[in-house]
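The values are calculated or read from the model by the stated rules, or taken from the named source; none is laboratory data. Keep in mind that what you see is a predicted model, and the values were worked out from it rather than measured. Virtual Cβ from ideal backbone geometry, glycine too; neighbours counted across all protein chains shown. Each accessible area value is taken on the protein alone, full model and side chains, heavy atoms only, with ligands, DNA and RNA left out. Shrake-Rupley method; radii C 1.70, N 1.55, O 1.52, S 1.80 Å.
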Amino acid sequence: MSLPSYERGAALLRGKLAVLPDAPGVYRMLDASGAALYVGKARNIRRRVAQYAQVARLPIRLRRMLARLADVEIVITRSEAEALLLEASLIRREQPPFNIMLRDDKTYPSLLLTRDHPFPRLLRHRGAHTVKGWYFGPFASAGAVHETLMALQRGFLLRNCTDSMFAQRTRPCLQYHIHRCTAPCVGKISQTEYAGQVEGARRFLTGRSTQIQEQLAARMQAASQILDYETAARLRDRLRALAAVQTVQGVSLPGLGDADVMAAHTEDRQSVVQVHVLRGGHTFGTRSHRLRHEAGQSASEVLASFIGQFYADKDVPPLILLTPLPADAPFLEEALTQKSGRSVRLESPQQGPRRRLVEAALHNAREALARHLAETGVQAGLLQQVAEAFHLPAPPRRIEVYDNSHTGGRSAMGAMIVAGAEGLDKKSWRRFVIRDDIAPGDDPAMMREVMRRRLLRLREALAAGEATQRPDLIILDGGITQLNAAYGLASELGFADLAFVGMAKGEDRNAGRERYFLPGQAEPVILPEGSAVAFFLQRLRDEAHRFAINSHRAKREADLLRSPLDDIPGVGPARRRALLQHFGSARAISAAAPEDLQRVSGISLRLARVILDRLG
């Protein structure tokens, strides 16, 4: 009698125990294709892996993992704290299905006050901190950082123009005239005075707002006493702008300084972690994060895994207030301290103002999860109706919707949007640049080109054993012609079993009277006008149409801005910019002599002749 599949996985682990080290590190459970099923950390790798071999003590989710197990890989680290950081990095990169996964982690925006120019600029920033300057944040929402930036520009009159625009100005721009900049580009303010504005903004953003406001108020009072009412009015407006910053940032907690507040709420396989960002005692916004995991995970486990992944690419504040407190909080503190280079403390307050902060975060987490569960319940019902309308064996877990957009066949773009049980999956959306040799206006050929590339990539991924999602339903914006072109190609490529639907506009192109064509079916499916499922499919079609149009417009604008110099070998961005700055246009360059081009930095006589030959 053969062993259950999970027993074979446990036997594989027992066979490897003899060669596993008694050391801290990270282990990766792999399937037959080499993809990670689970990534874990341990103070002692051999003892931790041995626990997975005791099948009777494992929850169902880990038995399912053992059933797919083919190998184990390990990485030894110097400490468990270092192992925790490596585990979080691998989970984010490899997306193993049996780990708690942060689904909606997006880069938090910051404010950047540059330090690479005599007159620094204040701007929004996302991504790595590669630009030299002071970074303030992170802000939990783009709206909060935008409103704060606008108010700070009114309060400190710092420039936001690019360095190249700054260098080209000969007279003040509109920002100066509406009192949002002091026009350093044309010498309206000295470098010393401007440095004072920069220092004021920096001190305000680091929590010394009261001191800055008192100084401005004193200056306003002094200007008023000498009857300089115009200056006093400008200072009054700046004070109001700074007060607006504090209103935008919300609740303050004096003495708290920089901190993050986190709370986790879990129901079955769904969890939400609410994060409130506080800097200088002021709230910089709040955001909900959904996490994917197997059943049986506690809120404490969810929060512990979230913290490692969340701070993998973010600065860590010195204090994190949270509920509930993870069991391995000491190791999390050690790992975050090691990452940030300064002491980091995790605290679960039980009373007082700090407790009220975490309770507010927990309330928001519960509300966010309740809304999500309600939305997914509605979505599940709609997907069931889709399956019934188009005779699918089960509700589709992944729907792909395709559309094309072009202007007279030029700058043609194809678009794919994806929807599933949790709504629109925007991370999976794709654009397709359609090649130029397709006849203008041949929409079926364009659809066939898009589908060919999508299905070839899918076939390659499946052949390589890569984890990829196969569509359960493909909807094409177009009638029977586009459907026949795409489905015929799918059959040629070995995907005749995929479910296709061609969605055509109804009579007089009225929304609500769409016809849905199925392969091999003469009569279209017509859904009841005004039904929930019809409205759902219209919304998907409209979303694909919008995405395709926006993609086409972006490509059309890029094509219009494209220079004849772009295709000349040896002419990169720097040389192209130097040539255009010297001559003004590609036409002026083509009319010049080789010796004239040679006067431009980086242009040799040989390259000048190549340029003129290419420009004709």
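Restricting to the range 364-396, and then to whatever is within 24 Å of VAL261 (Cα to Cα) and without any contact (Cβ under 8 Å) to a residue 60 or more places away in the chain, can you tell me which residue is most open to solvent (accessible area, probe 1.4 Å)?
Once the filter is applied, the top-ranked residue is ARG371.
Go through (1) open to solvent by 20 Å² or more (accessible area, probe 1.4 Å); (2) closer than 30 Å to ALA183 by Cβ and name the single condition PRO120 misses.
With (1) open to solvent by 20 Å² or more (accessible area, probe 1.4 Å); (2) closer than 30 Å to ALA183 by Cβ applied to PRO120, the lone miss is (1).
In the range 351-406, what residues are outside any helix (DSSP H, G or I) and on the phi > 0 side of the Ramachandran plot?
HIS391
Could you check ARG354 against (1) open to solvent by 50 Å² or more (accessible area, probe 1.4 Å); (2) farther than 16 Å from LEU278 by Cα and say which number it fails?
Here ARG354 meets the rest and fails (2).
I'd like to verify a number: residues in the range 588-616 that are open to solvent by less than 60 Å² (accessible area, probe 1.4 Å), more than 27 Å from SER164 (Cα to Cα) and outside any helix (DSSP H, G or I), how many?
1
Could we say that VAL19 is loosely packed, with under 13 Cβ neighbours inside 10 Å and under 25 Å from LEU84 (Cβ atoms) here?
Yes: the conditions hold for VAL19.
Among the numbered criteria (1) part of a loop (DSSP other than H, G, I, E, B); (2) modelled with pLDDT of 75 or more, which single criterion is violated by VAL272?
Failing condition for VAL272: (1).
Within the set of pairs 6+ apart or on separate chains, which have a first residue in the range 187-206 that is touching a residue at least 12 places away in the same chain (Cβ under 8 Å) and hydroxyl-bearing (Ser, Thr, Tyr), a second that is surrounded by fewer than 12 Cβ atoms within 10 Å (Cβ to Cβ) and assigned to a helix (DSSP H, G or I), and C-beta atoms under 6 Å apart?
none
Filter the range 578-587 for residues that are open to solvent by 40 Å² or more (accessible area, probe 1.4 Å) and either of a type outside the set (Ser, Thr, Tyr) or farther than 22 Å from MET165 by Cβ (or both) and give the result.
Of everything in the range 578-587, those that are open to solvent by 40 Å² or more (accessible area, probe 1.4 Å) and either of a type outside the set (Ser, Thr, Tyr) or farther than 22 Å from MET165 by Cβ (or both) turn out to be LEU580, GLN581, HIS582, PHE583, GLY584, ARG587.
Checking SER224 against (1) modelled with pLDDT under 75; (2) hydroxyl-bearing (Ser, Thr, Tyr); (3) open to solvent by 50 Å² or more (accessible area, probe 1.4 Å), which test does it fail?
If we test SER224 against (1) modelled with pLDDT under 75; (2) hydroxyl-bearing (Ser, Thr, Tyr); (3) open to solvent by 50 Å² or more (accessible area, probe 1.4 Å), just (3) comes out false.
Just wondering, is there one or more residues in the range 238-251 that are modelled with pLDDT of 70 or more and on the phi < 0 side of the Ramachandran plot?
No, that holds for no residue.
Name the residues in the range 429-462 that are closer than 28 Å to LEU30 by Cα, at pLDDT below 90 and either part of a loop (DSSP other than H, G, I, E, B) or open to solvent by less than 90 Å² (accessible area, probe 1.4 Å) (or both), would you?
Correct list: ALA461, LEU462.
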